Amino acid sequence: MKEKVAVIGAGIGGMATAIQLTVNGYDVSVFEKNDQPGGKMGQIFYGPYRFDTGPSVFTMPELVDRLFIRAGVNPSDYYHYSKLDQSCRYFYEDGTCIDAYSDEEKFTREVEEKTDEPPENIRTFLDKSQSIYDVTADLFMFNSIHDPQALLTKNNLKALLHFGRIDAFKTMHQANRKYFQSDKLVQLFDRYATYNGSDPYRIPATFNIISHLEHNMGVYYPDGGIYAIANAMYRLMQDLGVTIYLNHPVRGLITEGKNIRGVVTGSGEASFDYVVSNMDVNLFYEHLLPDHWKLKKLRKPEKSSSALIFCWGMDGTNPGLKLHNILFSNDYQGEFESLFRHKKIHPDPTVYIYISSRAVEGDAPRGKENWYVMVNAPENTGQDWEEMRREARRNIVDKINRVLETDIQKKIEVEQVYDPPAIEQHTWSYHGSLYGNSSNGMFAAFNRHSNFSRKYKNLYFTGGSVHPGGGIPLCLAGAGIVAEKISKNEH
Ligand SMILES: Cc1cc2nc3c(=O)[nH]c(=O)nc-3n(C[C@H](O)[C@H](O)[C@H](O)COP(=O)(O)OP(=O)(O)OC[C@H]3O[C@@H](n4cnc5c(N)ncnc54)[C@H](O)[C@@H]3O)c2cc1C
């Protein structure tokens, strides 16, 4: 008889773990509190518009493909994606506009033309980012750093020998200052700290690997928008025979000594041989397995930032905008001080505009656009969000009008707002943080919760709040670690 696994949560990490364990011969059930899978990778329909409500940037698609290939099916029977020619269009307050082309030659030429930055500086920087990735990826991304046995492989020991080369002792901003002459380029590459909800002035420069993912490996986009990824994984789970319970919050666990015997839902109790939590680990120890000391330890590290998102159905089109657009703050350091020290949104925030209707026919009616307008927001510590939303909206509209020389107020036909409390409530993410702990500080990677419990033999953790962290690629890498551990009967 197959051993039974319960996965709590149908986020990307939960679904990827469920798929791999099913392929490895387990009988898997997934319990999801919401009426749709995907967790933070969500979508909404509003009037004639569709909006992705979570991730918008898709890197390392091969990690998604691998799930399908391992299941013996062709990924393209489930979803299609293509590489973008341009990852983003960047706007600065002085009127400079830089297009980040995927073609390195084209990008370096564009940058030289707009900022006088010599192309070789970008090449040197991107080569270095790649070399940091080559040293760190196996060690930190695809292995459990909490398990000495997994760490002590030949490859990992080699990587540890090269530790001095991974720029762990300076911040991303300090490193980028050394590579680039132009403040605009420093800001452009500092921005990647926000890809895991961190502060470029404090995150180790090791995280310049994110620039490698985007600039060397490329940014991709699925047909139908980002939610197509969640849909594809959901369909694969169904086809593999995973039992999926939507609208089924897990309310408790049944324990017996050093084992978890099963889960408790609104429909009763069910027995399992293994339990994998895809919940935010803080809330897991608050609600499912209350543990005061554990919580105290978990809450110490600084949390990643959250987001304030306005989904706007816009009358008319704006040819000056691309699929992904950034309007940079003129006070970048001040913006991160506001977010992490004062827990506020800066009055001149960096504004991100993602318009999926540029790529997906049907996401907006003809002659209109769906704007997902996001600013970095602090984690929810009980601020007056109504007031913060009002003030941020005014500042965002002013900034867009100023930088794009337009008047958008009259063009906003419909509006749906997501603030940190809404993200917290919808996905049960502690304080609405997008990526669990922040990566601010040299030892942040070691402060993440491990993928397995030290107390319970058959309890595992997957998803953005545990090792190796948040973002689609890391959640998928973490799912691989958990599936392998269970399948090899390792703990
Ligand atoms: C606004 C925003 C923008 C982002 N942008 C990007 C981006 O551009 N690129 C990128 O790579 N990443 C991005 N991310 C991060 C990325 O979306 C997440 O890291 C990733 O989707 C998290 O997946 P997860 O496996 O941790 O699960 P989550 O998405 O956190 O899902 C957990 C699931 O568990 C369910 N759940 C919780 N508790 C229970 C319970 N007790 N019982 C049953 N179900 C439960 C929840 O309802 C939820 O569905 C973004 C996130 C957000 C919110």
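The values are calculated or read from the model by the stated rules, or taken from the named source; none is laboratory data. The structure presented is a predicted model; accordingly, all values stated were derived computationally and were not measured. As a convention, Cβ positions derive from the backbone with ideal geometry for all residues, glycine included, and neighbour counts pool all protein chains shown.
Brief remarks on what is shown
- Scanning segment 62-82 for residues that are more than 16 Å from LEU213 (Cβ to Cβ) and surrounded by fewer than 16 Cβ atoms within 10 Å (Cβ to Cβ) yields ILE69, ARG70, GLY72, VAL73, ASN74, SER76, ASP77, HIS80, SER82.
- Filtered residue count, segment 437-463, keeping only those that are of a type outside the set (A, V, I, L, M, F, W, C) and under 19 Å from ASN208 (Cα atoms): 5
- Selection status of GLY42, more than 10 Å from the ligand (Cβ to nearest atom), touching a strand residue (DSSP E or B) at 6+ places or on another chain (Cβ under 8 Å) and within 30 Å of ASP315 (Cα to Cα): no
- One residue from THR59, THR53 being of a type in the set (S, T, N, Q), buried (at least 21 other Cβ atoms within 10 Å of the Cβ), modelled with pLDDT of 95 or more and not assigned by TED's automatic domain parsing to the domain that holds ILE210: THR53
- Test: residue in segment 193-206 that is part of a strand (DSSP E or B) and of a type outside the set (Gly, Ala, Ser): yes
- GLU32 vs. criteria out of contact with any Ser or Thr (no Cβ under 8 Å at 6 or more places or on another chain) and within 6 Å of the ligand (Cβ to nearest atom): yes
- Of the residues making up segment 210-259, those that are assigned to a helix (DSSP H, G or I) and under 17 Å from MET41 (Cα atoms) are TYR227, ALA228, ILE229, ALA230, ASN231, ALA232, MET233, TYR234, ARG235, LEU236, MET237.
The rows are residues; the columns are (1) out of contact with any Gly (no Cβ under 7 Å at 6 or more places or on another chain); (2) within 12 Å of the ligand (Cβ to nearest atom); (3) more than 30 Å from GLY252 (Cβ to Cβ).
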position	(1), (2), (3)
ARG402	yes, no, yes
GLN425	yes, yes, no
TRP428	yes, yes, no
GLY469	no, yes, no
SER487	yes, no, no
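- Evaluated against (1) within 22 Å of GLU302 (Cβ to Cβ); (2) within 13 Å of the ligand (Cβ to nearest atom), LEU476 falls short on exactly one condition, (1).
- Among all residues of segment 311-330, there is none that is without any contact (Cβ under 8 Å) to a residue 12 or more places away in the chain and within 16 Å of the ligand (Cβ to nearest atom).
- One residue from LEU240, LEU246, LEU236 being farther than 24 Å from LEU323 by Cβ, buried (at least 22 other Cβ atoms within 10 Å of the Cβ), among the hydrophobic types (A, V, I, L, M, F, W, C) and in contact (Cβ under 8 Å) with a residue 24 or more places away in the chain: LEU236
- All positions within segment 311-337 that are within 20 Å of PRO365 (Cβ to Cβ) and of a type in the set (Ser, Thr, Tyr): THR317
- Given (1) out of contact with any helix residue (DSSP H, G or I) (no Cβ under 9 Å at 6 or more places or on another chain); (2) within 16 Å of the ligand (Cβ to nearest atom), number of the condition ASN437 does not satisfy: (1)
To keep it simple, each residue is scored yes or no on (1) under 22 Å from the mean Cα position of the chain (by Cα); (2) at pLDDT 95 or above.
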site	(1), (2)
ASP94	no, yes
ASN143	yes, no
TYR179	no, yes
ASP183	no, yes
GLN187	yes, yes
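- Residue within segment 131-138 that is part of a loop (DSSP other than H, G, I, E, B) and of a type in the set (Asp, Glu) present: no
- For first residues located in segment 111-136 and touching a residue at least 60 places away in the same chain (Cβ under 8 Å), partners that are of a type in the set (D, E, K, R) and lie 6+ apart or on another chain with Cβ distances below 6 Å form the pairs VAL111/GLU117; THR115/LYS184.
- Within segment 439-455, the set of residues being part of a helix (DSSP H, G or I) and either surrounded by fewer than 16 Cβ atoms within 10 Å (Cβ to Cβ) or of a type in the set (A, V, I, L, M, F, W, C) (or both) comprises ALA444, ALA445, PHE446.
- Restricting attention to segment 273-310, the residues being more than 15 Å from the ligand (Cβ to nearest atom) and assigned to a strand (DSSP E or B) number 1.
- Options ILE396, ILE408: the member that is β-branched (Val, Ile, Thr), more than 16 Å from the ligand (Cβ to nearest atom) and buried (at least 18 other Cβ atoms within 10 Å of the Cβ): ILE408
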